[in-house]
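For reference, the structure is listed below as structure tokens.
Each reported figure results from applying straightforward, stated rules to the coordinates on display, with no laboratory input. All figures in this text were calculated on a predicted structure; none of them were measured in a lab. Virtual Cβ from ideal backbone geometry, glycine too; neighbours counted across all protein chains shown.
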Amino acid sequence: MQHVDLLIKNATVITMNEAREILYDCAIAITGDKISELGPTKDLESKYSSGKTIDAKGKFVFPGLINTHSHLFQVLLKGLGRDKVLLDWLDSSVRRAIWQIDEECVYYAALVGCIENIRSGATTVLDFMYCHGKAGLDDMVIKAFEDIGIRGILGRAYTNTATLPADCPCELNETEEMFFSEVERLAEKYKNHPRISIAIAPGIIWDVSEEGFKTIRSLADKHGLLITMHTVETEDDDEYCLANRGMRTIPYLEKIGLLGPDYISVHSVHMKPEDIKIFKDLDVKVSHNPVSNMILASGVAPVPEFLKQGITVSLATDGAASNDTQDMMEVLKTTALMHKLHTRDAAVVSADQVVEMATLGGAKTIGRAGELGSIEPGKKADLFIYNPVTAKSIPVADPVSTLIYSSGQANVETTIVNGQVILEDGKILKVDEREVLLKLQEVAASLRERTKLGNTQWGQRVQVGSLR
Ligand SMILES: [Zn+2]
């Protein structure tokens with residue numbers, strides 16, 4: 001008998017392979033970080049002994065969802081700065097908080113953000129980290145990735161902190177040169193890490209000079225890094241770019257050579273036909289963040305048109321300050337509903353297309369289609385086990401529709417990343433979850449005190465402290 005590390009048996013597996021097979025009474029053999037075989041339970045059980053066996057009878061197994069855009073530090077700011085459009089929201093919450101956000105803040109926010117990603121089926125998250133009021137904060141996000149067990153991409157971003165409000169002075173004021181040397185340090189440090197990688201994340205069109213963008217392109221080419229940027233989330237990008245760089249945003253980015261198959265365009269809401277053609281021609285990838293776009297009233301990205309043109313679209317939560325969760329299950333349903341409503345066409349984005357965007361689309365977006373996005377032999381063992389026996393989900397006629405329209409975090413029972421079980425039977429294995437949640441509540445309450453941030457309800461300022 002041969003040995004495997006982990007055997008999942010008796011499962012209904014939504015493979016997302018080329019033929020989109022759904023396999024019943026199926027077993028998944030996992031060796032090290034990879035799926036080694038898939039087949040009928042009785043065949044694999046007689047062939048393999050296993051270090052650990054999970055009986056998934058009555059349950060579904062999906063490939064792990066890939067969340068291609070978040071700002072984990074914003075978990076600190078969940079619920080603040082509400083009822084405002086993008087730039088007003090930034091000015092009234094995030095930009096007033098950055099100067100006081102320290103290592104402890106970032107670490108606990110990132111841990112909780114990762115826990116919610118894991119609990120909602122995500123096995124990979126791309127964190128667009130632009131909070132650098134102090135040094136060393138990227139390393140705290142990466143420490144959270146390492147400690148919790150998720151697959152993480154740290155998108156090292158740049159924000160000119162000198163432009164933050166004058167009464168919120170930062171300890172650290174990075175120049176573009178300092179940003180580039182940090183990118184190089186991180187790229188070098190994590191180049192061979194099994195779960196963690198680095199991307200370059202210029203914040204938005206007005207954050208970086210033309211020379212800076214050219215340096216970013218050469219750094220990406222040199223180290224094989226993805227580039228990701230907020231791109232035409234609102235009309236402000238084109239307004240700025242026309243006034244200051246003489247062209248609209250996407251044609252400008254094309255002209256200076258920033259776009260390419262390794263460029264992840266976050267949001268891509270205010271797209272002109274010319275922009276869509278550029279994305280198609282250059283194989284630019286899109287990160288679609290429907291919940292955030294709705295909260296900030298940014299608009300509706302032309303996702304049906306992207307799909308029609310064969311442009312790769314992935315799904316994401318965005319940061320918790322403009323979501324106000326990290327729940328990928330909500331993103332799935334919202335994606336389908338948003339486009340149906342917007343086009344008055346109920347067939348415009350289907351459940352199967354939403355699952356494709358969240359799995360295969362995500363894998364392609366982060367340049368890992370050969371390793372992630374489906375449950376197939378040879379791919380990384382990144383998946384989640386879904387228990388459909390909840391009032392929200394039963395009865396199930398079809399696991400794909402159930403996942404998109406009738407699901408929540410309560411359905412996600414077990415999550416496996418890189419062959420390691422990190423959520424099992426509803427329990428986060430690598431940290432004391434309750435302690436981490438209570439700690440974040442305290443850290444966030446203290447941050448609100450120091451920054452004077454907070455909400456008013458019915459004219460009264462409200463503040464919640466420790467919940468112990
Ligand atoms: Zn964002």
Using the charge dipole of the chain (Lys, Arg: +1 at Cβ; Asp, Glu: -1 at Cβ; taken about the Cα centre), state which of 286, 405, 115 has its Cα farthest towards the positive end.
405
Sequence-distant or interchain residues sharing an amide H contact under 5 Å with residue 379, placed H: which?
35
Percent relative contact order of the range 260-386, based on C-alpha pairs within less than 8 angstrom and at least six residues apart?
21
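Shape call for the range 237-352 from the C-alpha gyration tensor, a ≥ b ≥ c root eigenvalues: rounded (a/c under 1.5), prolate (a/b greater than b/c) or oblate?
Verdict is prolate for the range 237-352.
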Quick one: if the Förster radius is 45 Å, what FRET efficiency do residue 52 and residue 294 give, using the C-beta to C-beta distance and rounding to 0.05?
0.65
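Compute for the range 309-468: radius of gyration divided by Kirkwood radius, i.e. Rg/Rh, restricted to C-alpha atoms, rounded to two decimals.
Ratio of gyration radius to Kirkwood radius: 1.03.
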Karplus-derived 3J(HN,Hα) from phi for the range 360-370 (6.51 cos²θ - 1.76 cosθ + 1.60, θ = phi - 60°), whole Hz, x at Gly and Pro, runs 5, x, x, 4, 5, 4, 8, x, 10, 4, x
Computed over the range 65-145, the convex hull of the Cα set has an average projected area, in nm², of 5.2
Would you mind calculating the relative contact order of the range 20-72 from Cα pairs under 8 angstrom and at least 6 residues apart, reporting the percent as a whole number?
22
In the range 1-113, what percentage of the DSSP-assigned beta bridges are antiparallel, given to the nearest 5?
55
³J(HN,Hα), Karplus 6.51/-1.76/1.60, whole Hz, each residue of the range 97-103, x for Gly, Pro
9, 4, 4, 9, 8, 10, 4
Charge tally for neighbours of residue 89 with beta carbon under 15 Å away, counting Lys, Arg as +1 and Asp, Glu as -1, is -2
Can you give the Rg to Rh ratio for the chain, taking only C-alpha atoms and Rh from Kirkwood?
0.96
In the chain, what % of DSSP beta bridges are antiparallel (nearest 5)?
45
Can you list the HN-Hα couplings for the range 259-268, worked out from phi with the Karplus curve (6.51, -1.76, 1.60; θ = phi - 60°), rounded to whole Hz and with x for Gly and Pro?
7, x, x, 9, 9, 9, 8, 7, 5, 6
So for the range 65-365, averaging the separation of alpha carbon pairs under 8 Å that are six or more residues apart and normalising by length, what relative contact order in percent results?
21
At a Förster radius of 45 Å, what calculated FRET efficiency corresponds to the Cβ-Cβ distance of residue 191 and residue 464, to the nearest 0.05?
0.60
Taking neighbour Cβ counts within 10 Å as the exposure measure, how do 414, 175, 343 sort from fewest upward?
175, 343, 414
Return the distance in nm (one decimal) between the two label points of a simple spin-label model at residue 3 and residue 346, each offset 7 Å from Cα along Cα→Cβ.
5.5
Cross-link pairs beyond the 18 Å C-alpha cut-off, checked among 9/57; 42/379; 189/222; 255/308; 143/430:
42/379; 255/308
Can you run the Rg to Rh ratio on the range 1-144? Use alpha carbon positions and the Kirkwood inverse-distance Rh.
1.16
Per residue, what volume in Å³ does the convex hull of the Cα atoms of the range 393-450 enclose?
141
Please compute the volume of the convex hull spanned by the alpha-carbon atoms of the range 110-154 and report it per residue in Å³.
60
